[in-house]
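The values are calculated or read from the model by the stated rules, or taken from the named source; none is laboratory data. Note that the structure is predicted; figures quoted are calculated from it, not measured. A quick note on method: Cβ atoms are made from the backbone with ideal geometry, for glycine too, and the neighbour counts reach across all protein chains shown.
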């Protein structure tokens with residue numbers, strides 16, 4: 001039983017090792033991850049497909065301007081031939097009529113048609129809205145990509161925060177394990193009691209617990225980044241970044257106001273207003289008649305004997321104009337015009353609502369950015385002070401001036417100050433992305 005259990009454990013470990021060996025490792029910067037997300041993230045791909053679908057639908061609607069060419073045919077046999085009623089040809093003035101069966105039992109007809117629209121209100125609407133519909137699809141994709149870029153950037157910063165926290169915890173753990181060894185050596189040598197040794201043990205255990213939590217949080221945040229960027233789960237991702245460069249680019253002008261025209265949501269509503277205005281014009285043109293030209297060429301086959309059906313052809317052809325003018329539709333045109341006008345008013349109110357929303361989002365993002373910037377400056381000073389205090393207390397402890405408890409306290413303060421600093425730094429970067437989005441300054445390249 002134990003041998004089987006050992007074999008199973010070995011196979012699991014061996015399979016895990018092979019999986020890690022075969023897992024592809026990708027090194028990428030934030031810009032590279034965003035570019036990958038734009039091309040591979042399912043939501044982004046859906047937006048791109050929606051744009052292509054819109055383009056295909058627009059081309060389909062505009063194809064109505066081309067000549068509509070078609071051919072149809074039929075083949076049929078009369079079991080009872082139709083009857084026509086004619087006047088009495090022998091005595092037309094008698095008022096009598098006679099019934100005459102017409103046609104032949106076997107018939108076939110091949111009809112070739114060409115229909116060319118000349119004036120068609122629906123086709124004018126398709127033409128007026130063609131570029132606007134494409135523009136609307138582009139703007140919907142742009143809005144999604146802006147949000148995706150912001151979300152990917154925030155997830156990237158969250159992963160960096162976890163990495164920095166893990167690095168700090170690991171450095172602290174190495175230093176604390178050395179302190180634990182020193183405290184143990186002093187205790188065994190009889191120089192110090194077991195208090196310092198026990199305190200060092202508690203500190204090490206707490207740091208190991210915090211390190212474990214940080215590593216688990218890293219896995220969760222990395223999974224979120226992979227989801228947002230469209231990366232497969234099994235692929236190993238190594239983030240490349242220049243922290244100094246990120247710090248240089250983190251500062252924004254806090255006095256700059258938001259420009260509504262830069263927000264893609266505002267541009268989208270403007271496009272929808274233009275689309276609705278074209279729809280209103282369409283309903284107003286409903287009283288104009290529609291014209292089209294057509295040409296028909298027919299091949300008629302008929303015979304009383306089925307085997308001889310296609311032996312002789314009776315062709316005919318014609319050309320003409322078609323006119324369509326609705327006279328009375330129960331007031332439908334007036335109701336459609338009113339509905340389209342009200343929908344246009346709705347979009348005007350939507351524009352007002354979006355402008356209010358933009359103002360609120362900008363103020364919120366600006367306040368968060370300024371708050372995080374202020375906290376970063378404060379916490380940067382705290383980190384430097386905590387480092388100086390720890391160095392001083394460590395030297396004093398070595399000289400016997402300070403006790404071990406004060407060293408642990410100084411070390412805890414330094415650890416907290418460093419983690420708080422990186423928390424503030426990456427919160428500031430995330431709030432910077434929110435502020436850029438609120439001002440409509442996120443460039444997606446589309």
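Across the stretch 44-86, what is the total count of residues that are free of Cβ contacts under 8 Å to residues at least 40 places away in the same chain and part of a loop (DSSP other than H, G, I, E, B)?
6
Report yes if some residue within the stretch 87-95 is assigned to a strand (DSSP E or B) and on the phi < 0 side of the Ramachandran plot; otherwise report no.
Checked against the condition, which is being assigned to a strand (DSSP E or B) and on the phi < 0 side of the Ramachandran plot, the stretch 87-95 yields at least one hit.
Table: residues versus (1) over 27 Å from the mean Cα position of the chain (by Cα); (2) surrounded by fewer than 21 Cβ atoms within 10 Å (Cβ to Cβ).
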residue: 119; (1), (2): yes, yes
residue: 125; (1), (2): yes, yes
residue: 128; (1), (2): yes, yes
residue: 131; (1), (2): no, yes
residue: 136; (1), (2): no, yes
residue: 146; (1), (2): no, no
residue: 157; (1), (2): no, no
residue: 161; (1), (2): no, no
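Report whether or not residue 203 is more than 24 Å from residue 140 (Cβ to Cβ) and in a helix (DSSP H, G or I).
yes
In the set 366, 347, which member is in a helix (DSSP H, G or I), closer than 20 Å to residue 429 by Cα, at pLDDT 90 or above and within 26 Å of the chain's Cα centre (by Cα)?
366
Return the total of residues in the stretch 274-331 being under 47 Å from the mean Cα position of the chain (by Cα) and in a helix (DSSP H, G or I).
Here the count works out to 11.
For residue 255, are the conditions met, namely being in contact (Cβ under 8 Å) with a residue 40 or more places away in the chain and closer than 30 Å to residue 432 by Cα?
No.
Filter the stretch 221-238 for residues that are free of Cβ contacts under 8 Å to residues at least 40 places away in the same chain and in a loop (DSSP other than H, G, I, E, B); which is nearest to residue 32 (Cα to Cα)? Let's see the steps before the verdict.
Step one: filter the stretch 221-238 for residues free of Cβ contacts under 8 Å to residues at least 40 places away in the same chain, giving 223, 226-227, 232-233.
Filter again for in a loop (DSSP other than H, G, I, E, B), leaving 232-233.
Numbers: 232: 15, 233: 18 Å.
Top of the filtered list is 232.
Could you please find all residues in the stretch 74-85 being loosely packed, with under 11 Cβ neighbours inside 10 Å, in contact with a strand residue (DSSP E or B) (Cβ under 8 Å, 6 or more places away or on another chain) and closer than 16 Å to residue 102 by Cα?
Matches in the stretch 74-85: 76, 82, 83, 85.
Pick out the one residue from 241, 218 that is part of a loop (DSSP other than H, G, I, E, B), modelled with pLDDT under 95, in contact with a helix residue (DSSP H, G or I) (Cβ under 9 Å, 6 or more places away or on another chain) and surrounded by fewer than 19 Cβ atoms within 10 Å (Cβ to Cβ).
Exactly one residue qualifies, and that residue is 241.
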